[in-house]
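A.B. asks: Can you keep this structure in mind? I'll have questions shortly.
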Amino acid sequence: MSTPRHGSALERVRGLAREVAKFGAVGGLGVLVNLGVFNLIRHTTDLQVVRASVIATVVAIATNYLGFRYFAYRDRAQSGRTRELALFAAFSGIGLVIENGVLYTATYGFGWDGPVASNVFKFVGIGTATVFRFWSYRSWVFKALPEPEPEAAQPAASVPAPAAPPAPAGPAHPVTGPVPEPANN
């Protein structure tokens, strides 16, 4: 959602609130996908906690891209899709490291690796990475389009005024035109 750059403070806050709400809706779905895939992998395979988490995060990233592009930031610039995808992947990768770094530290640093602890620290990692993702996606990936300038704010000098007709050579009569000079007879 584009936030007005030249509006009142209240308009900017409202625009940011709408953007946060849309980001949160897409992110909430991403959290459900992330935790669902994570727990599915954990309970059906013998993969280690962090590996299962990385796979779940990648699935959630793919889901989130679709939600951000076609819902939360659909009004943002859509040119340069290759650049957008590359930046999204790069910033999502950094978010993946943040998210799974929290889980890795809890699991292998402190030995908190039970099912509840894994989900709690996975959730904490998601929350921490979300702050970074919100800032990076809105600042770099889904850039706001420039605000259109209102018509009244454009200067009148930009429209050329019509040229005035040339003035007559002598004094003019209001109805018939130039007044003839009196004849000396």
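The values are calculated or read from the model by the stated rules, or taken from the named source; none is laboratory data. Every value quoted in this text rests on a predicted model; they were computed, and no experiment measured them. Positions of Cβ are generated from backbone atoms using ideal geometry, with glycine treated the same way; all protein chains shown enter the neighbour counts. With ligands, DNA and RNA removed, areas are computed over all heavy atoms of the protein, side chains included. Shrake-Rupley method; radii C 1.70, N 1.55, O 1.52, S 1.80 Å.
A.B. asks: With respect to THR107, is the statement that it is open to solvent by less than 30 Å² (accessible area, probe 1.4 Å) and free of Cβ contacts under 8 Å to residues at least 60 places away in the same chain true?
C.D. replies: For THR107, the condition - open to solvent by less than 30 Å² (accessible area, probe 1.4 Å) and free of Cβ contacts under 8 Å to residues at least 60 places away in the same chain - is met.
A.B. asks: Starting from region 64-89, keep only residues that are farther than 15 Å from VAL26 by Cβ and touching a residue at least 40 places away in the same chain (Cβ under 8 Å), then list their pairs with residues that are basic (Lys, Arg) and open to solvent by less than 30 Å² (accessible area, probe 1.4 Å) whose Cβ atoms are within a distance under 8 Å, requiring at least 6 positions of separation or different chains.
C.D. replies: The qualifying pairs are GLU84/ARG69.
A.B. asks: So ASP46 ticks every box in (1) surrounded by fewer than 14 Cβ atoms within 10 Å (Cβ to Cβ); (2) part of a helix (DSSP H, G or I) but one. Which box is left unticked?
C.D. replies: With respect to (1) surrounded by fewer than 14 Cβ atoms within 10 Å (Cβ to Cβ); (2) part of a helix (DSSP H, G or I), ASP46 is out only on (2).
A.B. asks: Read through the list (1) over 19 Å from the mean Cα position of the chain (by Cα); (2) within 16 Å of THR130 (Cα to Cα); (3) open to solvent by 30 Å² or more (accessible area, probe 1.4 Å), then give the number of the only condition that SER53 fails.
C.D. replies: Result: SER53 passes all but (3).
A.B. asks: Do we find a residue being at pLDDT 75 or above, open to solvent by less than 100 Å² (accessible area, probe 1.4 Å) and not in a helix (DSSP H, G or I) anywhere in region 149-162?
C.D. replies: Looking through region 149-162, none of the residues is at pLDDT 75 or above, open to solvent by less than 100 Å² (accessible area, probe 1.4 Å) and not in a helix (DSSP H, G or I).
A.B. asks: Something else: Check whether at least one residue in region 2-22 is under 18 Å from GLY125 (Cα atoms) and open to solvent by 30 Å² or more (accessible area, probe 1.4 Å), and report yes or no.
C.D. replies: Taking every residue of region 2-22 in turn, none turns out to be under 18 Å from GLY125 (Cα atoms) and open to solvent by 30 Å² or more (accessible area, probe 1.4 Å).
A.B. asks: Got a sec? Which of VAL49, VAL59, VAL97, VAL31 is modelled with pLDDT of 95 or more and over 19 Å from TYR137 (Cβ atoms)?
C.D. replies: Of VAL49, VAL59, VAL97, VAL31, the one residue that is modelled with pLDDT of 95 or more and over 19 Å from TYR137 (Cβ atoms) is VAL49.
A.B. asks: Hey, does region 114-132 have a residue that's surrounded by fewer than 21 Cβ atoms within 10 Å (Cβ to Cβ), not hydroxyl-bearing (Ser, Thr, Tyr) and not in a helix (DSSP H, G or I)?
C.D. replies: Taking every residue of region 114-132 in turn, at least one turns out to be surrounded by fewer than 21 Cβ atoms within 10 Å (Cβ to Cβ), not hydroxyl-bearing (Ser, Thr, Tyr) and not in a helix (DSSP H, G or I).
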